[in-house]
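Structure, as structure tokens:
Here, each number is a calculation from the coordinates, and none is a lab measurement. On a predicted model such as this, the values are computed, not experimentally measured, just so you know. In this analysis, Cβ positions are derived from the backbone assuming ideal geometry, glycine residues included, and neighbour counts consider all displayed protein chains.
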Amino acid sequence: RGRIPKNLRDSSTLEQEFPHNEIPSHVKIIIAMREDFLGQLEEMSREIPDIFYNRFRLLPLKREQAKQAIENPASIEDEQFGTKSFRYALETVKVMLNFLCRQQKRDQVSVTDEVEPFQLQLLCQHVENIVRKNLEQGFTNVVVSKDDLGGSAGMRQVLQNFYNDQIKRLGSFLNKKRARKLCENGLISVSDR
């Protein structure tokens, strides 16, 4: 809000010089979260009214946008973040995009020009693990091939493993069964999304 909270100002004693500056810092904060947590952020809006000043919703990416999201971070080498650059073999990105643009609707598969960001994120995290293992083994010029991904079956398994891991975290058999029923039946829209 551009002012020091009253309780912080009151905590300073008369003998001490107030250690904080009245001039607001030029700090910008980006909070990235899943939509289902947005309600919890709403609870903070009274204390931080500008928290919803700029909101952006990440919608499905077009194929070319997804290609950039896959390739561009791979070229970044930054010691502060501990990232090493790597490359994709010629066909790898194409194979990833072909997989991500296929959508299963009940018993039909359709090809679209859209990529769900969440699925893209899971595959890219899998690629990061492949790169990390290669670096740990002493390879310096890491190239991720389509074989590293295991084809469509391997990529499908990456997504399935995430789902299974989340279900396992629910504890009891009854909770797991209810969650599977909700996710696999109740959350599917009329258009099979």
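Could you work out how far helix 63-74 tilts from the main Cα principal axis of the chain, as a 0 to 90 degree angle to the nearest 10?
Approximately 70 degrees, to the nearest 10.
Pick out, in residue order, every one of the trypsin sites (Lys or Arg not before Pro) in the stretch 156-190 that is DSSP loop and has at most 16 other C-beta atoms within 10 Å; say none if there are none.
When the trypsin sites (Lys or Arg not before Pro) of the stretch 156-190 are filtered for loop state and at most 16 Cβ neighbours within 10 Å, Arg169 remain.
Which residue, Leu97, Leu182, Leu123, has the most motion in a Gaussian network model of the chain that connects Cα atoms within less than 10 Å?
Leu182
When the chain is fully extended, how far beyond the present Cα-Cα distance does Glu42 get from Ile76, taking 0.36 nm per residue of separation?
Using 0.36 nm per residue and subtracting the Cα-Cα distance, I get 8.8 nm.
Quick one: angle between helix 117-136 and the longest Cα principal axis of the chain, in degrees between 0 and 90, rounded to 10, please.
90 degrees
Only helical DSSP H runs with n ≥ 4 go in: add -39500 (n - 2.57) per run for the chain, normalise by residue count and round the 222 nm mean residue ellipticity to 500 deg cm²/dmol.
Working: 8 runs with 83 residues, N = 193.
Computed mean residue ellipticity for the chain: -13000 deg cm²/dmol.
Take a quick pass over the stretch 33-153 and tell me how many lysine pairs come in under 25 angstrom between Cα atoms, counting only ones 8 or more apart or on separate chains.
Qualifying lysine pairs in the stretch 33-153: 15.
Under a Cβ-only charge scheme (Lys and Arg +1, Asp and Glu -1), can you give me the dipole magnitude of the chain about the Cα centre, in debye to the nearest 20?
Details: 30 positive and 27 negative charges, 194 e Å.
Dipole about the Cα centre, nearest 20: 940 debye.
When the chain is treated as a GNM, springs tying every alpha-carbon pair under 10 Å, which of Glu64, Glu114, Glu47 comes out with the largest mean-square fluctuation?
Maximum among the listed residues: Glu47.
If exposed chymotrypsin sites (Phe, Trp or Tyr not before Pro) are those in a DSSP loop with at most 14 other Cβ within 10 Å, what is the longest stretch of the chain that has none?
Numbers: sites that count: Tyr53, Phe56, Phe81, Phe139.
With chymotrypsin sites (Phe, Trp or Tyr not before Pro) excluded where exposed in loops, the chain gives 82-138 as its longest stretch.
Hey, if you put +1 on the Cβ of every Lys and Arg and -1 on every Asp and Glu Cβ in the chain, which of Met33, Val111, His126 ends up farthest toward the positive end of that dipole?
Val111
Given (i) 165; (ii) 230; (iii) 128, which label gives volume of the Cα convex hull per residue in Å³ as computed from the coordinates?
Label (ii) holds the value from this structure.
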